[in-house]
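The structure appears below as structure tokens.
Taken together, the values in this text are just the output of simple stated rules run on the coordinates, not laboratory data. The model shown is predicted, which means the values in this text are computed figures rather than measured ones. Cβ coordinates were reconstructed from backbone atoms using ideal geometry, including for glycine residues, and neighbour counts include every protein chain displayed.
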Ligand code: ABF
């Protein structure tokens, strides 16, 4: 089974969890693209969606699905998003696509976070994937020096600006054994908007597309 088929299987399983008539959160990335397409192809009609990226918003609108601003909703029943890595504790590294801040905000608003991934994202321990850190542009050098003190090796994501007008430092070499503490410590560096560790608020359910079907973890 190809990676795309695994993503599609996880995405279709997530569609089954969507309550008709609800307002949902939708993440970003190629697995989420499959989710949006599968939702549009299904019989399930939602009221509207809040999207984590401009790309996801455009895809939703192209399918005729209304997109709302996060400020106009007080609660979302469910948030469906992918990940770059996810552990057995359902803690994640996200932000490879650069939408980590909006993803974290929508995850915070949502009652339930369902993560959909192909098998390659399911890891024993977080940290092989370089941790994305969104940074206010004028703080880039300062934050880079602080990340070095945390044992990381930051690299500026060249030619990339987030939907919020900021830059991304991709950080290799961080010890992610205590992900909640690391998430908080990095977020406390002045100039950091947020980092791609989703540990304090992990997923509630994980759907992994595999060659033998979709595996579910809670
Ligand atoms: C989003 O999309 C991100 O947090 C993560 O970086 C990425 C995963 O992309 P894909 O589904 O294309 O592997 O979920």
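For the range 129-195, the C-alpha radius of gyration divided by 2.2 N^0.38 Å, with N the number of residues, is 1.00. Tilt of helix 100-109 relative to the longest C-alpha principal axis of the chain, in degrees (0 to 90, nearest 10)? Once rounded, one gets 60 degrees.
Gain in length, residue 63 to residue 40, computed as 0.36 nm per residue apart minus the alpha-carbon separation, to one decimal in nm? Numbers along the way, then the final one.
Details: separation 23, 0.36 × 23 = 8.28 nm, distance 0.63 nm.
Result: 7.6 nm gained on full extension.
Note on the chain: with a GNM built from Cα contacts shorter than 10 Å, the maximum mean-square fluctuation among 110, 11, 185 falls on 185. So if we plug the beta-carbon distance of residue 128 and residue 211 into 1/(1 + (r/R0)^6) with R0 = 25 Å, what FRET efficiency do we get, rounded to 0.05? After rounding, the FRET efficiency stands at 0.70. Between residue 54 and residue 187, the simple label model (points 7 Å from Cα in the Cβ direction) yields a spacing of 2.6 nm.
For the residues 183, 134, 16, what sequence is obtained by ranking on other C-beta atoms within 10 Å, fewest first? Please list the in-between numbers first.
Details: 183 22, 134 25, 16 11.
Result, fewest neighbours first: 16, 183, 134.
Cα axis of helix 140-149 to longest principal axis of the chain: angle in degrees, 0 to 90, nearest 10? Helix 140-149 sits roughly 80 degrees off the main axis of the chain. With contacts taken as Cα pairs under 8 Å and at least 6 residues apart, the chain reaches a relative contact order of 24 percent. Just from its helices, what would the mean residue ellipticity at 222 nm be for the chain, if runs of 4 or more DSSP H residues each count -39500 (n - 2.57) and the sum is divided by every residue, rounded to the nearest 500 deg cm²/dmol? It lands at -8500 deg cm²/dmol.
Rounded to the nearest 0.05, what FRET efficiency do residue 218 and residue 22 have when you use their Cβ-Cβ distance and R0 = 30 Å?
0.90
Ordered by the number of other Cβ atoms lying within 10 Å of each residue's own Cβ, fewest first, 176, 115 fall into the sequence 176, 115. For a paramagnetic label modelled on residue 161 (point 7 Å from Cα along Cα→Cβ), amide N atoms under 18 Å away belong, within the range 47-85, to 53-55.
Evaluate the relative contact order of the range 129-195 (contact order divided by residue number), counting alpha-carbon pairs under 8 angstrom at least 6 apart; express in whole percent.
On the way: 106 pairs, mean separation 31.0, N = 67.
Reported relative contact order: 46 percent.
Under the criterion of Cα pairs below 8 Å and six or more residues apart, the relative contact order for the range 37-126 equals 30 percent. Between 21, 159, 29, the residue with the greatest mean-square fluctuation in the GNM of the chain (Cα pairs under 10 Å linked by springs) is 159.
Over the chain, all Cα pairs binned in 10 Å intervals from 0 give whole-percent P(r) values of 9, 36, 35, 17, 3, 0, listed from short to long.
Note on the chain: with a GNM built from Cα contacts shorter than 10 Å, the maximum mean-square fluctuation among 72, 141, 56 falls on 72. Against the chain, whose longest principal axis comes from its Cα atoms, helix 3-15 is set at around 60 degrees.
Set against the 2.2 N^0.38 Å expectation for a compact globular protein, the range 12-95 has a Cα radius of gyration ratio of 1.05.
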